[in-house]
Every structure is written in structure tokens, then in C-alpha cells.
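S.K.: Mind looking over this structure? Questions follow.
Just so it is clear, none of the values below were taken in a lab; they were calculated from the coordinates. Predicted model only: the values in this text are computed from it and were never measured. Glycine also receives a Cβ, built like all others from the backbone with ideal geometry; neighbour counts cover every protein chain displayed.
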Amino acid sequence: MATTAEKILAKASEAKRVEPGEFVVANVDFVFAHDGTAPLMIDVIREFGVTTLKLAGKSALFIDHAAPSPSLQSSILHKKMREFAARYGIKLFDVGEGVCHQVVMDYYLAQPGYVVVGADSHTTIHGATGAFAVGVGSTDAAFALTTGRLWFKVPETIKVTLKGKLELGVFSKDIALALLKELGTDGASYMTIEYHDELSPKLSQSAKATISNLSAEMGAKAAIFPVEPFTPDRDAAYFSEIDLDCSCLEPLIAKPPLPSNVVPVSEVENIEVNEVFIGSCTNGRLEDLEIAARILKGKKVREGVRCVVIPASRKVYEKALENNIIDTLVKAGCVIGPPTCGPCVGAHMGLLGPEETALSTANRNFTGRMGDPSAKIFLASPATAAATALEGKIVDPRKYLRG
Amino acid sequence: MLRGKVIKLGDDVNTDLVIAGRYKFRSVSVEDMAKHIFEDIDPTLASRIKPGDIVVAGKNFGCGSSREQAPRVMVVAGIAAVVAKSFARIFFRNAINVGLPVLAVDEKFVDSTFEADLLEVDLAKSTVRNVTRNLEVNFKPFPQQLLQILEAGGLVSYVKKKGALF
């Protein structure tokens, strides 16, 4: 009878079952915030006037959005986070540990069946682990951290079944972009997307994470790849069902200023770029850096193009070092940044100047997102990004992967 | 009853457009950030907003980043409410939590409302009235507790008033 989201929310609200549209107060299993949202959360907790935080032991803070600090203002906020964490015994992942979502995955802080509340919109990514993971703002995070609970409206569920086999040069980013094209920026608004991986071969954990991450751009509240025992009932009721045959996908790209503005890469080939960014919680994992290195190995980034590569976490960075991926990328002319959100959030490390164009592996191409409002941002897979860095213009990566 | 002039915006106004990331990490206070509200939509907009103004927008207002600074800078700038075809979910929650009324109304009402029209919002009766064009529309009433949070001016004030978190 129940979808995965309904099963998890029923367990968390100690109910036998829950129905879409119903309001429930759920127990939260893990809560986190970062330097973009934690400082406000700390203010709210102070204003609540409480001295104990019920979820302190099941929470974490991350300094990732502007790390290391690029400004005095950020430094003040970081200091405030460190003092707060020390005072309440909250685990803080400091500068250099990486983007909150990747660190949560590296340390298995989200588990199947958990209700995860993150003060970041891309918290949907932890659906790849089988959690009901929801992005919230600072006040909601403060409430969850203080009380251990949060109210939710039980969402409807869209079932998406991924079928077929990915062609050479087509990746999970392209699957997510294809879905964004179909659903638009609000096609899954207030809903959970439940993903069923029937691909051959199956998606890696990293590839699933990219899809759950980008589901936030479809408006989704959560984006779950079900894991036993939280799998949906056979007769679960869905709002809608989508079957996506991934065999016929080609490399895709989102044109500015919306992530749903998706076309085949071949349609925008030859647009010149000033910057390529490979990183972020969407595509800064080992297999993302690996494919970029495969394309860039023994070659050089086009002169005049800045190719900024930022591993999503220290663990990713370490593995990329061990596997000589970093070596390959540096020799190809890439700039390697420390694990951080980097230019994706427009804080630092590769902001765009007026009229500049970037190809990014991140998640948002909104006006002004990565710097000047007149700059243009295209979103694509790490393979498309690496190929584009080589040519200095947007290019279909498949020719670099054959043979 | 809220009464104010319309600031008309389009579809998919994301939270980066409300307050750009480049200011978020350069400012310590929401008051500082509020000077740059809507800058990437129109750099002159911030100086034209008057306390009590009401934003009227298209679909999916507040999509994107979970930054609660977005509804907070709107409150600081004096915006009394947002009336839109639909809202992105994180923004919706954040707005209620900071005491900014967010009202989803019929598309036709939004399409027939223009910049500088005079609006009246009655939260208790769940109505929005365009005085200039003599139009009225109902919105889905808020659950009682959310209405109380809004009336208190946000979750923090609500909790203080109640004296407990539950």
C-alpha cells in the first residue's frame, strides 16, 4: 500500500501508516547545516532560549560553502560555528573536509530509512542512500536540532523507472538533465521521486547521488532509491509513473538561466567558454574526476580557458591522489581547489566576470549564480566539461571516449 | 489586513535572484544583504520598494537554494506578503517561519495584476483583493497553527509567545 517515503514517514511519526496530504510530526534521525545556513540557525536557537539540543549527538556542521574563508565576514561566521559546535558537542567538519553532502556520504551519516533534515536544498542527494532526506531553511534546522522533531506534509510520490543501457559518453548527469527537461523546475514540487534502477549495468552509488541531488531542481522534496527493508509495497499508490528509456539518451546540457532548459550538447557546440568547473555535490566525486582525467590525460586545457577542478571531499581528494588523477589533471593544466563548494555558490574560487561563459558540472545556472549577472552558465556532465576544456568551446565528449 | 502596492515579478524567481550568493558570503547581517535584494532582476528595484509593498509573481517562486536569508531580506525590505501562482517548498516553509505571508492564488489573478496596483490581503478570510482592478481571489486557508505562526511574526516569536517549543 505504501511508497518508500510513506513507509519512512510512518515509522518516524510512530504511525501505522500515513497518507499523502496528511501533516505529521516526524522524529529526525540526522540534522546538519553549513556555513551558508548554520549562522542563522545558531541565532534562531539562541532566540529560542534553550540550553539543551536534543539532536546534538545526531547532527553535524560543515564549513564548506566559503572554505577556506575568502572574507573577514565569512571568518566571523565560521568562528561563530566553531564556538557553537564546541559548546554543544556537535561534530564540526572544518575547512578542507569537503562539501557537506559528500562528507555525509563518506562517513555514512545518512542511512536507509532515516529522516534526514539538511539546511541545504540539495539534501535530496541522501535519497541515494535510501533516506527520506529533505532540504530546509535555518529555522527548521534549528527546530529539528533543538527538539529532535519536525513537521512534514506527507508528499505524493512520482515513480521513475530507469531502463535500458547508457551509451558510451552518457552518464547519470544526462539522465538527470533528461528528467529535468521532462519535469521542468517544478514538475516534482512538494513530491517525492522514487527511483527504480533497472539499468544494465546498474548505477553506481555515486551516479545515483547525482540524480537524487539534481531532483531538487525539479522541485522534489525527497528523491529516494529504495533500500531494503524500506522498499515500496507492490500496490503502492503513485501520483504518476515515468519510464525513462536511457538507451536513447545522448549527452545533454542545460542552457542558462534554468537547469530545465535542456538540449543535446550537439545543439550548442562551438559556444566558446572562459571557464570550466568540475566539482560540487552534484559531480565532484571520484568517478567524475576519473572520467575528466581520462579525457584530459596527456593533453592540455585550451589556452585562455580556466579549468577549475574541486574534489567534493577530502576522501575524494585522497583517492584521486592515490590514483594519479590529480597528477593527470594538474599536468593537463587544470587548477585544483581544496574540497569546497567553490564557485558553484558564487562565494569564491573562480567567479565569472561580465559577459563570461562557463560550463559547470554543478546544479544551477541561475542568473548571477557564479558571479556577474551577465555571465552565462551551462550545466553538463564531467565528460562534456573535460572535452569542452580541451577545445575551449562546448563539445560533445563522445569522440574523446571512443577506442 | 495588509494593504500595499504591487511589485510584479515573473516565473521561477529563485532565491539567488532574491539575494545573490556573492552578497550572502560578504555580509554578516541580513540588514546588509537587504540593500541588494532582487539586484540581478533589476538593480534599481531595492530603492523602489516601500514598506508594505506586496510581491506578485508567477509559478515556483523561491525555487533553488534553501537560504532563509531570502525571505528574511524581503521582510527587512518591508515586503508585506508574496502572492504567486505557486511556491517552491523550502521557500514556503522558510517564509512562514520568518513571518512572511505566502499566498498561492489562481493564475488568472496574477496575470490580471500589474505593477503598482493596490492589493489588500486578508489572512483571516483567506482573500486577496486587487483594489485597482476590482478583482478578488481566495487562497487555500492556512492550517490553524501556521496561521498562528504567521500572526506571531514567525516561529521564534510564536515559540516565545507560547513559552514552549510544542
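S.K.: May I ask you to order A:360-368, A:87-95, A:14-22 by the average number of other C-beta atoms within 10 Å around their residues, highest value first?
M.R.: Numbers: A:360-368: 26.3, A:87-95: 16.8, A:14-22: 13.3.
Put in order of decreasing packing, that is A:360-368, A:87-95, A:14-22.
S.K.: Under the Karplus relation 6.51 cos²θ - 1.76 cosθ + 1.60, θ = phi - 60°, what is the ordered set of whole-Hz ³J(HN,Hα) values for segment B:134-148, x standing for Gly and Pro?
M.R.: Result, rounded to whole Hz: 6, 10, 9, 9, 9, 10, 4, x, 6, x, 3, 5, 5, 4, 5.
S.K.: Longer than 27 Å from Cα to Cα, which of A:LYS165/A:LYS300; A:LYS376/A:LYS399; A:LYS58/B:LYS85 are they? Say none if no pair is.
M.R.: Numbers: A:LYS165/A:LYS300 31 Å; A:LYS376/A:LYS399 25 Å; A:LYS58/B:LYS85 38 Å.
Exceeds cut-off: A:LYS165/A:LYS300; A:LYS58/B:LYS85.
S.K.: Take the residue pairs A:LYS255/B:LYS59; A:LYS221/A:LYS255; A:LYS173/A:LYS221; A:LYS91/A:LYS221; B:LYS35/B:LYS140 and return only those whose Cα atoms are more than 28 Å apart.
M.R.: Numbers: A:LYS255/B:LYS59 20 Å; A:LYS221/A:LYS255 24 Å; A:LYS173/A:LYS221 19 Å; A:LYS91/A:LYS221 26 Å; B:LYS35/B:LYS140 33 Å.
With Cα atoms farther than 28 Å apart: B:LYS35/B:LYS140.
S.K.: Going by average Cβ density within 10 Å per residue, which order do the peptides B:14-25, B:127-138, A:150-161 take, highest to lowest? Mind showing how you got there, number by number?
M.R.: Values: B:14-25: 25.7, B:127-138: 15.8, A:150-161: 21.5.
Going from most to least packed, we get B:14-25, A:150-161, B:127-138.
S.K.: Using per-residue counts of other Cβ atoms within 10 Å, averaged over each peptide, order A:320-329, B:54-63 from highest down. Display every interim value, and only then the final one.
M.R.: Values: A:320-329: 17.7, B:54-63: 25.1.
Descending mean neighbour count gives B:54-63, A:320-329.
S.K.: Further question on the same structure: Restricting to Cα atoms and excluding each atom paired with itself, what does the Kirkwood estimate give for segment A:252-395 in Å?
M.R.: Mean inverse Cα-Cα distance, inverted, gives 14.5 Å.
S.K.: Also, quick follow-up: Based on the alpha-carbon gyration tensor of chain A and its eigenvalue square roots a ≥ b ≥ c, which shape applies: rounded if a/c is under 1.5, prolate if not and a/b is larger than b/c, or oblate? Intermediate results must be reported in sequence, preceding the final value.
M.R.: Numbers: a/c = 1.91, a/b = 1.24, b/c = 1.54.
Because a/c hits 1.5 or more and a/b fails to exceed b/c, chain A counts as oblate.
S.K.: Across peptide A:185-193, what mean number of C-beta atoms from other chains lies inside 10 Å of a residue's C-beta?
M.R.: On the way: counts 8, 11, 1, 0, 8, 5, 1, 0, 0.
Shielding by partners across A:185-193 averages 4.
S.K.: Find the Cα radius of gyration of segment A:157-248, compare it with 2.2 N^0.38 Å by division, and give the number to two decimals. List each step's numbers first, then the result.
M.R.: Working: Rg = 12.4 Å, N = 92, 2.2 N^0.38 = 12.3 Å.
The value comes to 1.01.
S.K.: Under 18 Å Cα-Cα from B:LYS5, which aspartates and glutamates qualify once same-chain neighbours fewer than 8 residues away are excluded?
M.R.: List returned: B:ASP42, B:ASP53, B:ASP111, B:GLU115, B:ASP117, B:GLU120, B:ASP122, B:GLU136.
S.K.: Hey, another quick one. Excluding residues on the same chain fewer than 8 positions from A:LYS80, give the aspartates and glutamates whose Cα lies under 12 Å from its Cα.
M.R.: Answer for A:LYS80, where 12 Å is the Cα cut-off: A:ASP35, A:ASP43, listed by chain and number.
S.K.: Given the rule -39500 (n - 2.57) for each run of at least 4 DSSP H residues, summed and divided by the residues of chain A, what is its mean residue ellipticity at 222 nm, to the nearest 500 deg cm²/dmol?
M.R.: My calculation for chain A gives -8500 deg cm²/dmol from helical runs alone.
S.K.: Using only DSSP helix segments of four residues or longer, with each worth -39500 (n - 2.57), what per-residue ellipticity at 222 nm results for chain B after dividing by its residue count and rounding to 500? Mind dumping the intermediate values first?
M.R.: Values: 9 runs with 56 residues, N = 166.
Per the formula, -8000 deg cm²/dmol.
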